[in-house]
Amino acid sequence: MKKQFKKLLVTGGCGFIGTNFIRLLLKERQYEIINLDALTYAGNLENLSDLEDHPLYTFVKGRIEDEELISSLMKEVDAVVNFAAESHVDRSIKSAHPFIITNVLGTQVLLDCFRKAGCKGPFLHVSTDEVYGSLKEDDPPFREDDHLLPNSPYSASKASSDLLCRAAWKTFGLPVVITRCSNNYGPYQFPEKLIPLMIINCLQGRRLPIYGDGLNIRDWIFVDDHCRGVLAALEHGKAGGIYNLGGNCELTNLQVVETILTLLNKPRELIEFVDDRPGHDRRYAMDISLAQKELSWSPDVDFETGMERTVKWYLENQNWWQRILSGQYQTYYRDHYGKDL
Ligand code: NAD
Ligand code: TYD
């Protein structure tokens, strides 16, 4: 049976997946939405600027760990979808601190304020396959009851937040639902992640830095499919439920980059093998049978179609990423990596 709620607090709605999720909701549902976002380097108000005057949509700038703000917002809503996070593994290796503040402390503040306001829920927490750690070549895909064995500060902070959500469900009976998704790609993804970084570097004739031997495997999912999975879990997931979401699309990083080179008709010589990421997870893959069965959800978009749409979006929205490259992010990258993007 579909759950009844009217007004949602969506956190991190100015980031990559949050933006696509809010667009999906405003197109296909009638929920009122408050989008709370701190507008960190990864949050971009411009992503939703065409929807600013939408009668069902309100933006609030703020942080999820701000208790006073969150407790006042919880009084206005029934349900929560928590996308807000520090999301990039490489940054977490440089400094774990913001990851602990947002991903761990922030999630706990949301849970506490949700409980104290008596929200009826659900509270949907958006998590990642990275909490399970790394698979060997012949291992079966991750299942929801696998051990959590995170390897990076990012994935450790996400696993911590998953456990705090579970504890809130067990201890206080909060209607918490967790989704764990594999690697997303699509429009509005910040160009620090593999696919947008490679597309943009190709368009600028720059080298394509592949970590290690390029044979690490990720399970790629088009962002719309992830957003539909989150919506299905929000509307139909059971309290305390954990649902793996994935694209059934395991590819090596080299295969991904070669797809981009082909789509943009660029030479393979642009590839540059660089030092490996410390603690680099070798392989992720998701068993999504529970979500298929309980949520009637499956990914729809195959990799070829999704990549064509993604490359087209970055080609048609050069101003979007040019502004990012020339602004804050450029400075950040230079400070942290000692070189230009
Ligand atoms: P993103 O980095 O693009 O966006 C994160 C957003 O959260 C930004 O708008 C940022 O401003 C906001 N934010 C950060 N700290 C905040 C704070 N303290 N308070 C309020 N807002 C804050 O990330 P994304 O790729 O859209 O990921 C969204 C969620 O999905 C994250 O929880 C991430 O762990 C999870 N996830 C991502 C992927 C992926 O492939 N990108 C896969 C699985 C799960
Ligand atoms: P990324 O997009 O950072 O996602 P995650 O680390 O969360 O999976 O990286 C995807 C894969 O691509 C990962 O194996 C690391 C690799 N990678 C590169 O080889 N070069 C790069 O410049 C980046 C950003 C990632």
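The values are calculated or read from the model by the stated rules, or taken from the named source; none is laboratory data. Bear in mind that the values here come from a model prediction, so they are computed numbers and not experimental data. Here the Cβ is made from the backbone with ideal geometry for all residues, glycine too, and neighbour counts use every protein chain on show. In case anyone asks, the SASA skips ligands and DNA or RNA and just uses the protein heavy atoms, side chains included. Shrake-Rupley method; radii C 1.70, N 1.55, O 1.52, S 1.80 Å.
So which of D224, D219 ends up being surrounded by 19 or more Cβ atoms within 10 Å (Cβ to Cβ), outside any strand (DSSP E or B) and not aromatic (F, W, Y)? Steps first, answer last, please.
Numbers: D219 fails: outside any strand (DSSP E or B).
Only one candidate passes the filter, namely D224.
Could you please let me know if L135 is near ligand 2 (Cβ under 10 Å from one of its atoms), open to solvent by 10 Å² or more (accessible area, probe 1.4 Å) and farther than 19 Å from G106 by Cβ? Considered against the rule, which asks whether it is near ligand 2 (Cβ under 10 Å from one of its atoms), open to solvent by 10 Å² or more (accessible area, probe 1.4 Å) and farther than 19 Å from G106 by Cβ, L135 comes out as no. T171 falls short on exactly one of the conditions (1) under 17 Å from G306 (Cβ atoms); (2) more than 9 Å from ligand 2 (Cβ to nearest atom), and that condition is (1). Scanning the range 180-208 for residues that are over 20 Å from the mean Cα position of the chain (by Cα), in a loop (DSSP other than H, G, I, E, B) and within 12 Å of ligand 2 (Cβ to nearest atom) yields R206, R207.
Suppose we keep only residues that are closer than 13 Å to Y57 by Cβ and out of contact with any strand residue (DSSP E or B) (no Cβ under 8 Å at 6 or more places or on another chain) within the range 1-46. Which one would you say is farthest from ligand 1 (Cβ to nearest atom)?
Applying the filter and picking the extreme gives Q30.
Determine, yes or no, whether G229 is under 25 Å from R180 (Cβ atoms), open to solvent by less than 50 Å² (accessible area, probe 1.4 Å) and in a helix (DSSP H, G or I). So G229 passes the test. Note on the range 74-99: residues that are in a helix (DSSP H, G or I), in contact with an Asp or Glu (Cβ under 9 Å, 6 or more places away or on another chain) and either more than 16 Å from ligand 2 (Cβ to nearest atom) or closer than 18 Å to L164 by Cα (or both) total 2.
Residues that are aliphatic (A, V, I, L, M) and in contact with a strand residue (DSSP E or B) (Cβ under 6 Å, 6 or more places away or on another chain) are absent from the range 90-104. Residues considered: G186, G241, G229. Of these, the only one that is over 26 Å from N44 (Cβ atoms) and modelled with pLDDT of 95 or more is G241. Determine, yes or no, whether R282 is near ligand 2 (Cβ under 9 Å from one of its atoms) and over 26 Å from F21 (Cα atoms). Judged against the criteria, R282 is a match. Only one entry in T40, T19, T11 is in contact (Cβ under 8 Å) with a residue 24 or more places away in the chain, hydroxyl-bearing (S, T, Y) and either in contact with a His (Cβ under 7 Å, 6 or more places away or on another chain) or within 27 Å of G118 (Cβ to Cβ) (or both), namely T11.
So which residues in the range 145-179 are in a loop (DSSP other than H, G, I, E, B) and open to solvent by less than 40 Å² (accessible area, probe 1.4 Å), if there are any at all? Outline the logic, then answer.
Filtering the range 145-179 down to residues in a loop (DSSP other than H, G, I, E, B) leaves 145-152, 173-175.
Across the range 145-179, the qualifying residues are S152, L174, P175.
Taking the options G327, G306, name whichever one is crowded, with 18+ Cβ neighbours inside 10 Å and among the small types (G, A, S). Residue meeting the stated conditions: G306.
Out of curiosity, is I22 open to solvent by less than 40 Å² (accessible area, probe 1.4 Å), more than 16 Å from ligand 2 (Cβ to nearest atom), closer than 30 Å to Q322 by Cβ and in contact with a helix residue (DSSP H, G or I) (Cβ under 8 Å, 6 or more places away or on another chain)? Write out each step before concluding.
On the way: open to solvent by less than 40 Å² (accessible area, probe 1.4 Å): yes; more than 16 Å from ligand 2 (Cβ to nearest atom): yes; closer than 30 Å to Q322 by Cβ: yes; in contact with a helix residue (DSSP H, G or I) (Cβ under 8 Å, 6 or more places away or on another chain): yes.
Spelling it out, I22 is indeed open to solvent by less than 40 Å² (accessible area, probe 1.4 Å), more than 16 Å from ligand 2 (Cβ to nearest atom), closer than 30 Å to Q322 by Cβ and in contact with a helix residue (DSSP H, G or I) (Cβ under 8 Å, 6 or more places away or on another chain).
Given the structure, is L197 surrounded by fewer than 21 Cβ atoms within 10 Å (Cβ to Cβ) and touching a helix residue (DSSP H, G or I) at 6+ places or on another chain (Cβ under 8 Å)? Spell out the reasoning first.
Values: surrounded by fewer than 21 Cβ atoms within 10 Å (Cβ to Cβ): yes; touching a helix residue (DSSP H, G or I) at 6+ places or on another chain (Cβ under 8 Å): no.
Judged against the criteria, L197 is not a match.
The condition of being near ligand 2 (Cβ under 10 Å from one of its atoms) and under 20 Å from Y185 (Cα atoms) holds for only one of Y314, Y211, Y243, that being Y211.
Considered as a group, the residues in the range 202-216 that are more than 16 Å from ligand 1 (Cβ to nearest atom) and surrounded by 15 or more Cβ atoms within 10 Å (Cβ to Cβ) include one that is nearest to Y314 (Cα to Cα), and that residue is L203.
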